[in-house]
Amino acid sequence: MRQAEVYGYRPEGTNPCAGIKRYRRQGRERFLSVAEIGRLGAVLARYEADHPQVAAIIRLLLLTGCRKGEIITLRWRFYREGKLFLPDSKTGPRTVWLSSAARTILNGLPRKTTWVFPSPLTDSHLSATAVELIWNRVRADAGLRDVRLHDLRHSYASMALAQGETVLTIGRLLGHRDPATTLKYTHMSDTMVREAVDTIGDALGG
């Protein structure tokens, strides 16, 4: 309604929604446990023969914490010196440092076009729809029906936190400019919380 006034479709000051506060929706948090990651890996191993590109994309999403679009639209010229140099990510140009596992996946892919994941039907990259179609089958087979591809990014941040990385470091890995944004992606597992409680209890108990 506010934008309709800007475009001149409604007279100024006639927005019936003025003064109404937006309903605050509870943020959705979903992080894969170590066991779930193991199940996902086992299912991906079965899909690699028939769907090698999508299997590689899913693995890279979990190993890099990148956004879906950043991996699907990846060009070979972005990959050099063992890193990804993304010229136009959501927050601007950024460098993605790759683990040996991520480099192994990329080094094993054929380089037939400028795209890392070329479409078999067009001269462009593989479509997000095609990736989601296979992902829906993968997550169902892995018993992860409620997990979105974006949740792999959340899980990457959560695992980094579990390994002792700081919020600032994780923010740099994810390409965040604001540490407050990173805090939304990090998650302390029940095990981590329980260990922290036991540590504090032991300290106070002498």
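For the stretch 1-80, with only Lys/Arg (+1) and Asp/Glu (-1) charged at the beta-carbon, what is the dipole magnitude about the Cα centre, in debye rounded to 20? Present the calculation step by step, with values, prior to reporting the outcome.
Details: 16 positive and 7 negative charges, 41 e Å.
Roughly 200 debye, rounded to the nearest 20.
Once you charge only the Cβ atoms, +1 for Lys and Arg and -1 for Asp and Glu, what is the size of the charge dipole of the stretch 1-137 about its Cα centre, to the nearest 20 debye?
Details: 23 positive and 11 negative charges, 70 e Å.
In debye, rounded to 20, the stretch 1-137 gives about 340.
Among the lysines of the stretch 1-135, pairs that are 8 or more positions apart or on different chains and have alpha carbons within less than 27 Å of each other number 4.
Only protein heavy atoms count here; on that basis, with a 1.4 Å probe, residue 70 has an accessible area of about 20 Å². I need the shape label for the stretch 57-158. Rule: rounded when a/c is under 1.5, else prolate if a/b > b/c, else oblate, with a, b, c from the alpha carbon gyration tensor. Oblate, because a/c is 1.5 or more while a/b does not exceed b/c.
If Lys and Arg each add +1 and Asp and Glu each add -1, what is the summed charge of the other residues whose beta carbon sits under 10 Å from the beta carbon of residue 55? Kindly include the intermediate steps, with their values, before the conclusion.
On the way: positive: 46, 59; negative: 48, 50.
Combined, the nearby Lys, Arg, Asp and Glu give 0.
The values are calculated or read from the model by the stated rules, or taken from the named source; none is laboratory data. A quick note: this is a predicted structure, and the numbers were derived from the prediction, not measured. Backbone-built Cβ (ideal geometry, glycine too); neighbour counts: all protein chains shown. Heavy atoms of the whole protein, side chains included, go into the accessibility calculation; ligands, DNA and RNA do not. Shrake-Rupley method; radii C 1.70, N 1.55, O 1.52, S 1.80 Å.
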